[in-house]
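The values are calculated or read from the model by the stated rules, or taken from the named source; none is laboratory data. No experiment lies behind these values; they were computed from the predicted model shown. Here the Cβ positions follow ideal geometry from the backbone for every residue, glycine too, while neighbour counts run over all protein chains shown.
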Amino acid sequence: MNQCQLMGRLVRDPELRYTQDLTPEDVFALKAVAAEISQEIIAQLNLLIEWEDRYKLGLLDIFRQKNNRQAAI
């Protein structure tokens, strides 16, 4: 069972989450998916923090850029 199938199976069968019906391979696959999702969330949060820092330092002025684009139209 691949990772997508396993996640779909867990979504469709909430009771499966609380049973020992998962094979060791399924558990390993779930841990791998969880690690991938966690890394993606961390990467997105780091990007958000970076943009927030740029904005606070005055390196990025979203509102001025937006107004300049609207004025150009």
Next on the checklist: Residue pairs, Cβ under 9 Å, 6 or more apart or interchain, first in the range 30-55 and touching a residue at least 24 places away in the same chain (Cβ under 8 Å), second surrounded by 11 or more Cβ atoms within 10 Å (Cβ to Cβ) and among the aliphatic types (A, V, I, L, M). List them.
Outcome noted: 30/6; 30/7; 30/10; 30/22; 33/6; 33/7
Checklist outcome for this item: Exactly one of 69, 9 is surrounded by 10 or more Cβ atoms within 10 Å (Cβ to Cβ) and either modelled with pLDDT under 65 or assigned to a helix (DSSP H, G or I) (or both), and that one is 9
